[in-house]
1. Restricting to region 162-205, name every residue that is under 19 Å from PRO262 (Cα atoms) and small (Gly, Ala, Ser).
2. Determine the pairs where a residue that is over 20 Å from SER203 (Cα atoms), located within region 131-143, has a partner that is open to solvent by 70 Å² or more (accessible area, probe 1.4 Å) with Cβ atoms under 7 Å apart, the partner being 6 or more residues away or on another chain.
3. I need the full set of residues from region 35-64 which are under 19 Å from LEU6 (Cβ atoms) and free of Cβ contacts under 8 Å to residues at least 12 places away in the same chain, in order please.
4. Being among the aliphatic types (A, V, I, L, M), part of a helix (DSSP H, G or I), open to solvent by 20 Å² or more (accessible area, probe 1.4 Å) and more than 20 Å from ALA78 (Cβ to Cβ) is the filter here; which residues of region 8-66 pass it?
5. In region 67-77, which residue that is touching a helix residue (DSSP H, G or I) at 6+ places or on another chain (Cβ under 9 Å) and open to solvent by 100 Å² or more (accessible area, probe 1.4 Å) is nearest to ALA16 (Cα to Cα)?
6. Anything in region 237-289 that is at pLDDT below 90 and loosely packed, with under 14 Cβ neighbours inside 10 Å? List them, or say none.
7. Among the residues of region 197-214 satisfying the criterion of being open to solvent by 50 Å² or more (accessible area, probe 1.4 Å) and without any contact (Cβ under 8 Å) to a residue 40 or more places away in the chain, which is nearest to TRP187 (Cα to Cα)?
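The values are calculated or read from the model by the stated rules, or taken from the named source; none is laboratory data. Everything numeric here is computed off the predicted structure, so don't read it as measured data. In this analysis, Cβ positions are derived from the backbone assuming ideal geometry, glycine residues included, and neighbour counts consider all displayed protein chains. These accessible areas exclude ligands, DNA and RNA; they are computed on the full protein's heavy atoms, side chains included. Shrake-Rupley method; radii C 1.70, N 1.55, O 1.52, S 1.80 Å.
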Amino acid sequence: MREISLDRLRTLVAIADQGSFIKAAHSLHLAPPTVSLHIAELEERIGAPLLSRKRGQVRPSAIGEVLVARARRLLGDAEQALSDIQRQVQGLEGRVRLGASTGVIAHLLPQALAVLRDQHPGIDIQISVQTSEETLARLVDGSLDVGVTALPQPAVAGLVIKPWRRDPVMAFVPADWKSPARITPQWLASQPLILNDASTRLSGQTSEWFAAGGHHPVPRIALNYNDAIKSLVAAGYGATLLPHEATAPAPDARIAMRPLRPALWRRLGMAHRAGYVEPSTQHVLDVLWGLRLG
């Protein structure tokens, strides 16, 4: 079945508004024969007359009135769709799907979201909690637009992964413990521990930090939710190793935060698909880049 062109519908509406083929042709910047051809094609497609001429005035027929009303809605929807898309092309609106870990979401993304709300209120940010491996996989399959991942990462075809920032990993210990000013693997390995679970990059980093000192402690519990880990530390259940962002709030008064010896850093990268980057996604990347120094 042959489709009805929006151009033909626009011509019909113009004639209904102007009451004349000549005036409609002028308003549409078309030659009069072209206007006549548009109506002839529409009437052939519909199978009935759409216009009638009375006393020199061109008016829609009864069937034409119905089609004119529907055409106005269709043309209005088409114009609105083009306007909406143009706003996305200009970066004024859009949807950006972002994946990150709970720690990044809790202490870094709120700053970026506040800036985006002020500078780009038309951009809808959809956040999901993902491990680094999940984030990269979802970027590849197109279900995410931006990812914050732990570094280092192997090169992934089709993705751009850039170093973003690094934050010190600190020891969080119950404040009533007698802890040294700087925490070593030897001292911490002898304490009850609450650590990140094995699915996280931080788990591998902390294992390497302990192993460099010849220690392989087994935690009392392993979690992947940093705020829950801190709550257990505050309750005196054990000590932990977690990254600390410069802008993060001070820990609970029941927690003492200590630097490590040797020092350990949590490195993060920003990832997105290579090639064309939609303006709304670029705005998110730009705002995140502004947080690179903490």
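1. Here is the first cut: in region 162-205, the residues under 19 Å from PRO262 (Cα atoms) are 166-173, 179-191, 193, 195, 201-205.
If the condition is that a residue be under 19 Å from PRO262 (Cα atoms) and small (Gly, Ala, Ser), then ALA171, SER179, ALA181, ALA189, SER190, SER203, GLY204 are the ones that fit.
2. Listed pairs, sorted by first residue: LEU139/ARG273.
3. LEU37, ALA40, GLU43, GLU44
4. Going residue by residue through region 8-66, those that are among the aliphatic types (A, V, I, L, M) are 9, 12-16, 22, 24-25, 28, 30-31, 35, 37, 39-40, 42, 46, 48, 50-51, 58, 62-63, 66.
Cutting the leftovers down to part of a helix (DSSP H, G or I) gives us 9, 12-16, 22, 24-25, 28, 35, 37, 39-40, 42, 46, 62-63, 66.
If we keep only those that are open to solvent by 20 Å² or more (accessible area, probe 1.4 Å) as well, we get 16, 22, 28, 37, 40, 46, 62-63, 66.
Hits for region 8-66 are ILE22, LEU37, ALA40, ALA62, ILE63.
5. Here is the first cut: in region 67-77, the residues touching a helix residue (DSSP H, G or I) at 6+ places or on another chain (Cβ under 9 Å) are 67-68, 70-72, 74-75.
Remaining after also requiring open to solvent by 100 Å² or more (accessible area, probe 1.4 Å): 70, 72.
Details: ARG70: 13, ARG72: 11 Å.
By that ranking, first place goes to ARG72.
6. Within region 237-289, ALA246, THR247, PRO249, ALA250 qualify.
7. As a first pass, look at region 197-214 and keep what is open to solvent by 50 Å² or more (accessible area, probe 1.4 Å): 198-199, 201, 207-208, 212, 214.
Filter once more, so that each one left must be without any contact (Cβ under 8 Å) to a residue 40 or more places away in the chain: 198, 207-208, 214.
Working: ALA198: 22, SER207: 15, GLU208: 16, GLY214: 12 Å.
In this case the residue turns out to be GLY214.
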